[in-house]
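The values are calculated or read from the model by the stated rules, or taken from the named source; none is laboratory data. Because the structure is a prediction, the values reported are computed rather than measured. Ideal geometry is used to build each Cβ from the backbone, glycine not excepted, and the neighbour counts take in all protein chains shown.
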Amino acid sequence: MKSAVETLNPTRVRLTVEVPFEELKDSLDAAYKKINQQVTVKGFRKGKIPARVIDQRFGRGAVLEEAVNDALPRFYTDAVNEAEVNPLGQPEVDITELKDGELLAFTAEVDIRPTIEIPDYSGIEVTVDAVEVSDEDVDKSVEQLRDRFASTNPVERAAAEGDVVTLDLEAKVDGEVLADGQAEGVQYTIGSGELLDGVDEAVTGKSAGEEATFTSTLKGGSAEGKEAEVTVKVTAVAAREVPELDDEFAQMASEFDTLEELRADSRKRLENMKQYDQATQAQERVLDELLKLAEVPIPEKLLEDEVNTRKHNLEHHQLGQMGLNLDKYLEIQGKTAEEFDAETREQAVKGIKTQFVLDELVNKEKLNVSQEELTEHLMRRAASSGMSPDQFAQAVVEGGQVPMLVGEVARGKALAVVVDAVKVVDTNGEAVDLSDEDDEAAEAAEASAEDAPAADDEKAADKSE
């Protein structure tokens, strides 16, 4: 086999391949064998039909077509390896010559991973939020915990803000009660905003047994978006009571003996959260600055595929789970279809650039992923997906996604290398040393590096075959 490569642009090549006919022998034998199993000829047992008879009855052309289809992926892969290019996606193959007994010639155009020069990033400087936890932050955290231990007790008085009321509701549109417009025994906390607009004003001041009517725009159901006349009846009023903030509460709500110990733990937890946020900010902002410095040509076909994948995932997975379509989503977001398309394309470009640049850094720095690092990453991904580690691991293996996870971890390590080499300061002007929070920084780096396209090398190789 002879092959040559022609660079069409920085992200696309044309391979020209010539194959002497004798190299098709194995594929021709396989073609005859396959056809033998599929056809019957009177006077011959199935699978024992001579090649000359198959040529006479079904045509030599059918055999050549089967053989070429079998051989092309192998010759294409050999040409790719010889040219030392990294293909992305499926090639466009054109058979230019097929002379029986003499020659097979074809061309294959395919997008490739571009050659990237990693820029000097040592001069990058980014600013992140300072890790500051105020007494007010601690107070809010403790109050949230306190609210979780609140109890409700029935009261014989008019409902007020913060009370939990039990309601019966009936909605009418154009004077007709909706088929799905009645509900009984609905519990609602006045002031929470979790029900219809106008309900707070309607029930405040009402006692059990009293009702009120108000007008509101329906948020769901068969008449979503329409204005309805809603009648609400209060059937019970309960007051929320929160425990006293004292040592007894600390013992009830935590493993601590005193309120001061509980507050100290809350402060430490808030500091840890802010440190993680700070590490995430650093990773994201350093990545943005790195991408600004890097010259990265984007393969158009890969970009088109990535845009379509992102749209599909949004429409058929995320929005579908929320019961929304794209038009309704854009209405809620206040965006036009053109603005949405532009944003999706921008996100796709960033994802592709991120993968290309970080993968090049992985190679340059000769970074490897250990089994322990992969396991830790898998545990984090499982937690974020709502699956058990065993379930997630099984799904990853069955879906052939292990290389994808390895790539995510490796890119996270590459980004961490860059962050370690640049200057990170907080809003107080103090230098930030993320090495003190290795776990948080590593997790943040992997999260920042995960926004990459689906078409990595392994998947591209699978497609080409």
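Listed values, structure above:
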quantity: Hits in segment 155-175 - residues which are farther than 14 Å from residue 208 by Cβ, of a type outside the set (Val, Ile, Thr) and surrounded by 11 or more Cβ atoms within 10 Å (Cβ to Cβ); calculated: 162, 169, 170, 171, 172
quantity: Answer from 152, 213, 204, 189 - the residue that is of a type in the set (Val, Ile, Thr), closer than 17 Å to residue 228 by Cβ and either surrounded by 17 or more Cβ atoms within 10 Å (Cβ to Cβ) or more than 40 Å from the chain's Cα centre (by Cα) (or both); calculated: 213
quantity: Close pairs from segment 238-254: first touching a residue at least 12 places away in the same chain (Cβ under 8 Å) and within 27 Å of residue 186 (Cβ to Cβ), partner among the charged types (D, E, K, R) and surrounded by 13 or more Cβ atoms within 10 Å (Cβ to Cβ), Cβ under 8 Å, at least 6 apart; calculated: 238/163; 239/163; 240/163; 242/146; 243/146
quantity: Residues within segment 265-279 that are modelled with pLDDT of 95 or more, hydroxyl-bearing (Ser, Thr, Tyr) and either surrounded by fewer than 17 Cβ atoms within 10 Å (Cβ to Cβ) or more than 15 Å from residue 142 (Cβ to Cβ) (or both), tallied; calculated: 0
quantity: Residue 356 being in contact with a Lys or Arg (Cβ under 7 Å, 6 or more places away or on another chain), without any contact (Cβ under 8 Å) to a residue 24 or more places away in the chain and surrounded by 16 or more Cβ atoms within 10 Å (Cβ to Cβ); calculated: no
quantity: Residues within segment 360-374 that are more than 13 Å from residue 291 (Cα to Cα) and either part of a helix (DSSP H, G or I) or β-branched (Val, Ile, Thr) (or both), tallied; calculated: 9
quantity: Long-range neighbours under 7 Å by Cβ, at least six apart or interchain, first residue in the same structural domain as residue 412 (by TED's automatic domain parsing) within segment 364-382, second surrounded by 13 or more Cβ atoms within 10 Å (Cβ to Cβ) and not in a helix (DSSP H, G or I); calculated: 364/118
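Rundown of residues vs (1) under 24 Å from residue 118 (Cα atoms); (2) modelled with pLDDT under 90; (3) of a type outside the set (Lys, Arg), yes/no style:
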site: 302; (1), (2), (3): yes, no, yes
site: 318; (1), (2), (3): no, yes, yes
site: 341; (1), (2), (3): no, no, yes
site: 344; (1), (2), (3): no, no, yes
site: 396; (1), (2), (3): no, no, yes
